[in-house]
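The values are calculated or read from the model by the stated rules, or taken from the named source; none is laboratory data. Remember, predicted model here, so these are calculated numbers, not experimental data. Here the Cβ is made from the backbone with ideal geometry for all residues, glycine too, and neighbour counts use every protein chain on show.
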Amino acid sequence: MSDTIFTRLRALLGTTGVERDSHGVPRATPDSPDSLSLVCRLAHEEGWKIRVEGRGTWLAPDAPADLVVSTTGLDQVVSVSPADLVATVQAGAPLEALRRRLADYGMWLALDPPGRPERSIGSIVATATAGPLRHGFGPVRDHVLGCTVATGDGRLVNAGGRVVKNVAGYDLTKLHVGGFGGFGIIAEVHLRLRALPRADLTLVARGTRDTLTSAARDIVAGNLLPGALELLSPALAAEADWALATRLTGTEAAVQADVRRLTSLGELSWVPLPADRTAGFWSTAARGSLAGPVTLRLGVLGDGVDDALDLLAHDLDEGLVSAGAGHGMIRWTGDAVLDRLRALRRAAAAREVPMTLERAPWPIRRALGHFGAYREGVGKIVGRLRGTFDPGQCLSVALEGAE
Amino acid sequence: MTPSLLAALSRVVGRQWVRHRKAELTTYAMDGLPTHESLPGVVVMPETPAQVREILHLLHLVQVPFVARGAGTGLSGGALADPDTVLITLTRMNRILEIDPVLRRAVLQPGVVNARLSEAVLPYGLYYVPDPSSQAACTIGGNVAENAGGPHCLKYGVTTNHIVELEVVLPDGSVTRLGSSQGEPWGPDLVGLFVGSEGMFGIATEITVRLERIPESVRTMLADFSTVRSASEAVSAIIAAGIVPAALEMMDRACVAAVEASIYAAGYPTDAAAVLLVELDGQAEAVESEAATVREILGSCGAREVRSASTAADRARLWLGRKKAFGAMGRIAPDLAVQDAVVPRSALPAIMDQIEGIRREYQLTISNVFHAGDGNLHPNISFDRRNPAVAARVRAACREIMAACVAVGGSITGEHGVGNDKLDYMPWIFDADTLGAMRAVRQAFDPAEMANPGKVVPVHACREWTAVRSART
């Protein structure tokens, strides 16, 4: 069948748009949203399973499929409007390239997702993997104004728009941000930008976990709103002890005032990072999430961070942990067998804490699902939505587990 | 409505909470928009979530559609019901169930009035951010349905950014909880999908909101300009400088004139082409340094005078005219068509010129008061709907304004919703597949399309979402 698929795809996209991956599976690299939708339509009509790949830096390319759809051909920054602080970017564009392009205009996308700098925008949006900046600038959904998505049966849906405020129609964008590609393949997104902060300073304090979480609570309760306030486990920070890193952004005067307030709070000794080491510090932490085969996130309330960290340490191990001390999003990376992960999801659900599997080898994704432990009634709605956006079940995405 | 249905509804909520006489129904014939009118079949007023469940169960059984309604302050005809439809008003469900000042959350029933929530959490030094102009009357349930905005949404986001969890009664009477109090979804972001669904996915009976701390320092600045263009340029320059004000509002000459001629006169310069209100908040040092930058930008963009206030009383004075602008416009004519559209910020000067052209062409009174920071326009037309010729001109002018906004890449609504007012404009910005997707998503929550039928998505313009599926089988 592989040869048939290969031939049919080449008829659709031409020879340059279709190759084979290292296992011989046909790989289509559409270069426009339209050609992406054509590939999906063909797959839907033929009943072929599709695996979506971005730049290959986050999720392992191991979902079973008859063909691979790569978004690397959709790598354009389509437009940047400095006056409107909006950019339209294709899904396969690497974050780092976008960052550089925006910096030329004095602009910034306030997202610092886990993984490598060249991770694709589509991957970040589809998995809603925000990083430490979530504390000051919100989750991924707050940065996405709209998106173009090819559904599993090859329709193009243009959700949202390019303006920063918009309530025309239902907010379909929300379904695709963090939908793990289960409701279609993101082709293009409209992003909300910010002006680059004039001052951007990172300070790090080290200590025991308890000291740091307690200090973080004081910071949150005090009148400080840093861009990031992230607790890093020793393994992730590559240090002997836990680290609490805070990133202060704004005008020079405001950042200096924040530093004064921060240092007057509690006993911690805050060490400012030199400018030339700051990017490296955060990028090391972001890459740390790739240092094990499994990454998951727990969403807790600010006062539940300690309990959730205990839970992780008990059910899995201390691992590579990055925890938003204020917003309560905890990301864990490590190695764990399925049963332990299942037990963790159950224990988390009992505490009313959702656990989302961000990345894992296919057997674990298939068994556990990115999502699970739905509340009553939710599964039915999600099932109908999936049926709507992928009626032929062509998208090889394990939204829910096979339990 | 059949007598047996009226009797059954009465058994659920008590007879005094079921209204069906024409005089009683008239109260519910309109919302805040004077251009649409429709009498519901019956009005039922539940007091508890259990009653809402029972009502929806009952209606599901007899397949009678319903419309949920809060205070009826909406501006898109979204909460109007037809004679064959049951109107469910939620204003009796007005309890604040829980306030957690440490975790900054509040759990509310849908009928809680927006401003009452902020009053209730004030003692904790907290507030609820979205502040629509109708906040003294509008309900949180309605805010959720419409994804309401307000002047202070520029920096902190609109309703969808402040709702973390919802208990929802689906149109078949079943109950489900979406989201989590921490704000992390259980699965796909169904809270994000539900907020702004204009009452077409079900009824939210319990709403968990995020509260924010009242900022330590606030500075309000008022600048006046001799052209709308220079005021618009100041808006762009402030944002480009990396400053996100809490609010960035503009009023044009007609709006200022209306305000200054009313009891809400705030001392705005009536000879200015545009007045800009800039509010900065945050820590004292940040506000101080940003205020200096903003003042500089305002000056270099041609502001004639910049007034600044930092005490609550002085700030309230600067805000008075803006907050009461709609009331002031009410004096001009019996009716006010409050319109709502969005353009990219960079298109503001051009679109203001176009609106002025449309005003002249149709010989109408249009006052502009709007959220300039996010390009959210409110061109408001004062008229008398008893004069059919004028009413027709108003409709035509609204249509042209919308077309102009769409032409520059804007949207037909930024915070008021589509309702039935803007149904016709939806195909201007969404193609048939996207509209079809919207309808299909609605059907995932409401397969029989019983909740607020006929709003938001123009069914005739949707590509049938099942066509491909059936073609295959």
* Which strands (runs of 3 or more DSSP E) does the stretch A:193-255 wholly contain that include 3 or more residues that are within 14 Å of chain B (Cβ to nearest Cβ)? -> A:199-207, A:242-250
* Which residues, counting only those in the stretch B:21-64, are small (Gly, Ala, Ser) and either more than 24 Å from the chain's Cα centre (by Cα) or surrounded by 18 or more Cβ atoms within 10 Å (Cβ to Cβ) (or both)? -> B:23, B:32, B:41, B:50
* Sort out which residues of the stretch A:8-48 are assigned to a helix (DSSP H, G or I), touching a Lys or Arg at 6+ places or on another chain (Cβ under 9 Å) and among the acidic types (Asp, Glu), and write them in order of number. => A:45, A:46
* Number of the exception - residue B:361 against (1) within 11 Å of chain A (Cβ to nearest Cβ); (2) surrounded by fewer than 24 Cβ atoms within 10 Å (Cβ to Cβ); (3) modelled with pLDDT of 95 or more -> (1)
* Go through the stretch A:322-371 and give me each residue that's more than 19 Å from the chain's Cα centre (by Cα), within 14 Å of chain B (Cβ to nearest Cβ) and not hydrophobic (A, V, I, L, M, F, W, C). => A:345, A:346, A:351, A:352
* For the subset of the stretch A:256-287 comprising residues that are more than 14 Å from chain B (Cβ to nearest Cβ) and among the basic types (Lys, Arg), which member is nearest to residue A:209 (Cα to Cα)? -> A:287
* Only one of these is at pLDDT 95 or above, closer than 15 Å to residue A:74 by Cβ and crowded, with 19+ Cβ neighbours inside 10 Å: A:37, A:32. Name it. => A:37
* Asked: Name the pairs whose Cβ atoms lie under 7 Å apart, with the first residue in the stretch B:342-353 and under 13 Å from residue B:368 (Cα atoms) and more than 7 Å from chain A (Cβ to nearest Cβ), the second of a type in the set (Val, Ile, Thr) and assigned to a helix (DSSP H, G or I), and 6 or more positions between them or separate chains?
  -> B:348/B:235; B:349/B:228; B:352/B:228
* Asked: If you take just the helices (runs of 4 or more DSSP H) that sit entirely in the stretch A:337-403, which of them hold at least 3 residues that are touching a Leu at 6+ places or on another chain (Cβ under 7 Å) and over 28 Å from residue B:194 (Cβ atoms)?
  -> A:338-350
* Asked: Does at least one position in the stretch B:302-322 carry a residue that is touching a residue at least 24 places away in the same chain (Cβ under 8 Å), within 19 Å of residue B:230 (Cα to Cα) and within 14 Å of chain A (Cβ to nearest Cβ)?
  -> no
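Condition first: hydroxyl-bearing (Ser, Thr, Tyr), out of contact with any Asp or Glu (no Cβ under 9 Å at 6 or more places or on another chain) and in a loop (DSSP other than H, G, I, E, B). Now tell me which residues in the stretch A:49-106 satisfy that. Walk me through how you get there before you give the answer.
Narrowing the stretch A:49-106 to residues hydroxyl-bearing (Ser, Thr, Tyr): A:57, A:70-72, A:79, A:81, A:88, A:105.
Narrowing the set further to residues that are out of contact with any Asp or Glu (no Cβ under 9 Å at 6 or more places or on another chain) leaves A:79, A:81, A:105.
Across the stretch A:49-106, the qualifying residue is only A:105.
What do you reckon, is residue B:40 at pLDDT 95 or above, within 28 Å of residue A:304 (Cβ to Cβ) and part of a loop (DSSP other than H, G, I, E, B)? Step through it out loud before you land on a result.
Numbers: at pLDDT 95 or above: yes; within 28 Å of residue A:304 (Cβ to Cβ): no; part of a loop (DSSP other than H, G, I, E, B): yes.
No, not satisfied.
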* Considering each of A:154, A:179, A:136, A:169 in turn, give the residue that is closer than 23 Å to residue A:356 by Cβ, outside the structural domain of residue A:300 (by TED's automatic domain parsing) and in a loop (DSSP other than H, G, I, E, B). => A:179
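How many of the residues in the stretch B:367-382 are away from every other protein chain (no Cβ under 14 Å) and closer than 23 Å to residue B:236 by Cβ?
Within the stretch B:367-382, the subset away from every other protein chain (no Cβ under 14 Å) is B:367-369, B:379-382.
So of that shortlist, the ones also closer than 23 Å to residue B:236 by Cβ come out as B:367-369, B:379.
Residues meeting the conditions: 4.
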* Selection from the stretch B:33-71 of residues that are over 20 Å from residue B:445 (Cβ atoms) and touching a Cys at 6+ places or on another chain (Cβ under 9 Å) -> B:35, B:71
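Go through B:370, B:430 for me and flag whichever is within 22 Å of residue B:325 (Cα to Cα) and either buried (at least 24 other Cβ atoms within 10 Å of the Cβ) or in contact (Cβ under 8 Å) with a residue 24 or more places away in the chain (or both). Spell out how you get there, then give the answer.
Values: B:430 fails: within 22 Å of residue B:325 (Cα to Cα).
Exactly one residue qualifies, and that residue is B:370.
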* Output for the stretch A:156-181, where each listed residue is surrounded by 24 or more Cβ atoms within 10 Å (Cβ to Cβ), farther than 26 Å from residue A:83 by Cβ and either in contact (Cβ under 8 Å) with a residue 12 or more places away in the chain or more than 7 Å from chain B (Cβ to nearest Cβ) (or both) -> A:157, A:172, A:174, A:175, A:176, A:178, A:179, A:180, A:181
* Going through the stretch A:361-388 one residue at a time, which ones are touching a residue at least 24 places away in the same chain (Cβ under 8 Å), out of contact with any helix residue (DSSP H, G or I) (no Cβ under 7 Å at 6 or more places or on another chain) and over 14 Å from residue B:190 (Cβ atoms)? -> A:361, A:362, A:363, A:365, A:366, A:369, A:370
* **Within the stretch A:70-91, considering residues that are in contact (Cβ under 8 Å) with a residue 24 or more places away in the chain and in contact with a helix residue (DSSP H, G or I) (Cβ under 6 Å, 6 or more places away or on another chain), the one surrounded by the fewest Cβ atoms within 10 Å (Cβ to Cβ)** => A:77
* To do: Could you grab the pairs with beta carbons closer than 9 Å, sequence gap of 6+ or different chains, first residue in the stretch A:132-143 and under 12 Å from residue A:324 (Cα atoms) and within 8 Å of chain B (Cβ to nearest Cβ), second one among the small types (Gly, Ala, Ser) and part of a loop (DSSP other than H, G, I, E, B)?
  => A:138/A:110; A:138/A:130; A:138/B:157; A:139/A:128; A:139/A:130; A:139/A:178; A:139/B:183
* To do: Give the residues of the stretch B:33-73 that are of a type outside the set (A, V, I, L, M) and touching a Gly at 6+ places or on another chain (Cβ under 6 Å), sorted by residue number.
  => B:36, B:53, B:57, B:60, B:70, B:73
* **Answer residue from the stretch A:296-340, given it is touching a residue at least 60 places away in the same chain (Cβ under 8 Å) and among the basic types (Lys, Arg) and is surrounded by the fewest Cβ atoms within 10 Å (Cβ to Cβ) among those** => A:297
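Got a sec? Which of B:181, B:133 is within 24 Å of residue A:167 (Cβ to Cβ), in contact (Cβ under 8 Å) with a residue 60 or more places away in the chain and hydroxyl-bearing (Ser, Thr, Tyr)?
Details: B:181 fails: within 24 Å of residue A:167 (Cβ to Cβ).
Only one candidate passes the filter, namely B:133.
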* **For residue A:317: the one exception among (1) modelled with pLDDT under 95; (2) farther than 28 Å from residue B:212 by Cβ; (3) of a type outside the set (A, V, I, L, M); (4) assigned to a helix (DSSP H, G or I)** => (4)
* In the stretch B:400-435, what residues are touching a Phe, Trp or Tyr at 6+ places or on another chain (Cβ under 9 Å), at the interface with chain A (Cβ under 8 Å from one of its Cβ atoms) and outside any loop (DSSP other than H, G, I, E, B)? -> B:433
